[in-house]
Amino acid sequence: MAGALAQFPELAGGTTSPLTGGLINATFAVRAPAGEFVLQRLNPIFAPQIHDNIAAVTEHLRRRGETSPRLLTTARGERWADLGDLGIWRAMTRVPGVSFEAVQSAEQARSAGALVGRFHATLADLEHPFTIRRTLHDTPAHLRTLAEAVAQHREHRLFAEVEPLAAAVFAAVETLPPLAPAPLRVGHGDLKFNNLLFDGTGAEGQAHCLIDLDSVAPMPLHHELGDAWRSWCNPAGEERGAPSFDGAIFVAALDGWLGALTFPLEPVERRNLIHGVEWIALELTARFAADALNERYFGWDAQRFPAAGNTTCTARRGSGRCTRRRWKLASCAPSAFCVS
């Protein structure tokens, strides 16, 4: 930790404390004479060159008057510090605000949608090559992985829970309209609700900043917003309760987003948005169902779960339903939004 702090002049004399809530990067709050900052050890799944993307996006946003963190540079003027076996580290200014695990009200969802709309509108004219991109959504690839996992792991202890869900996934694929090729817009890439900061602790607070920008890149809007609505429109949040899709939250979020856009949507984008959330939920169902059989989960907590597969699926025997947060939420897909 001391070695990482020493790389960034603005962190001189700073004290650190852990920040919880993220699953991917190790994150610490830093209080220094120069201000308050966030220090992170980058997960190896990311190439360090993503910081060129982050810098381009955040600088463009701030130039246009939007709130966004600023990446710090090292004493050598670099956007990240490579400490060898100790990892890749970055630092940024800490934007004040609070985050929520679940939407508190329709008006809060409207404010969140407006923030994302301003984000998309502001970045519409950003000229940046985005030479490093992390592909987040590839539904055909995840479906192939699930099919292979089901074929290869018939003796797996979780097979009885996974196989019926896999069958439902493949059946649902045949019922959903295909998504046509659409324009790529610069997007956030991971709009789960706790990646938005609000200026108040209550449901009346206004969304004012997007954080966790590792996945910023050009992408179709049906991927960007499909994943957002998957997260936002489940009132139980991603950690607890039975999943559902709240239509009022969806309408408010969509209204806020459309009201903040400054460019017209193409007809194909409007058509794709209708089913984007269903396809994303279906994709995540396939992804986490395959992970259960493949015993693969990057956030496996060995103190809570006996194996990686159990992290993804802690199914109750005979229930046919997984209780792990992401799979549970994603499994809404075959039932057409699970509208309650």
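Remarks
- Per-residue ³J(HN,Hα) for region 253-268, Karplus 6.51 cos²θ - 1.76 cosθ + 1.60, θ = phi - 60°, Hz, x for Gly and Pro: 5, 5, 5, x, 5, 4, x, 9, 5, 10, 10, x, 7, 7, x, 5
- Peptide packing: for 92-101, 50-59, the average count of neighbouring Cβ atoms within 10 Å per residue gives the ranking 50-59, 92-101, highest mean first.
- Rounded Å value of the spacing that divides the Cα centres of region 258-276 and region 58-101: 30 Å
- Dipole of the chain, positive direction: furthest Cα of ALA55, GLY87, VAL186, with charges on the beta-carbon: GLY87
- With the biggest extent put first, the Cα atoms of region 90-208 measure 50, 37, 36 Å across the principal axes.
- This model, with +1 at the C-beta of Lys and Arg and -1 at the C-beta of Asp and Glu, gives the chain a dipole about its Cα centre of some 440 debye.
- Sequence-distant residues sharing a close amide H with ALA217 (under 5 Å, placed H): GLY187
- Spatial extent of region 20-106: Rg and Dmax, with the Cα atoms as the point set, Å: 14.3, 47
- Between THR175 and GLU148, the simple label model (points 7 Å from Cα in the Cβ direction) yields a spacing of 2.8 nm.
- Amide hydrogen proximity for ALA242: with H placed 1.01 Å from N in the peptide plane, no residue at 5 or more positions away or on another chain lies under 5 Å.
- A simple rule links phi to the HN-Hα coupling: the Karplus curve 6.51 cos²θ - 1.76 cosθ + 1.60 with θ = phi - 60°, which for region 167-176 gives 4, 5, 4, 5, 5, 5, 4, 6, 9, 7 Hz, with x for Gly and Pro.
- Put MET1, MET219 in order of accessible area, highest first, and with a 1.4 Å probe you get MET1, MET219.
- Surface analysis of the chain yields an accessible area of 45 Å² per residue, using protein heavy atoms and a 1.4 Å probe.
- The convex hull built on the alpha-carbon positions of region 1-156 has an orientation-averaged projected area of 13.5 nm².
- ³J(HN,Hα) computed for each position of region 129-137 - Karplus, 6.51 cos²θ - 1.76 cosθ + 1.60, integer Hz, glycine/proline x: x, 6, 5, 10, 9, 10, 6, 8, 10
- Debye log10 I(q)/I(0) at q = 0.09, 0.11, 0.12 Å⁻¹ for the chain, Cα point scatterers: -0.51, -0.77, -0.91
- Potential extension, THR135-GLU266 segment - 0.36 nm per residue separation minus Cα distance: 44.9 nm
- Calculated FRET value between GLU204 and GLU155, using beta carbons and R₀ = 41 Å, to 0.05: 0.15
The values are calculated or read from the model by the stated rules, or taken from the named source; none is laboratory data. Please read all numbers here as calculations on a predicted model, not as lab measurements. Please note: Cβ atoms are built from the backbone with ideal geometry, for glycine as well, and neighbour counts cover all protein chains shown. Accessible surface areas use protein heavy atoms only, side chains included; no ligands, DNA or RNA. Shrake-Rupley method; radii C 1.70, N 1.55, O 1.52, S 1.80 Å.
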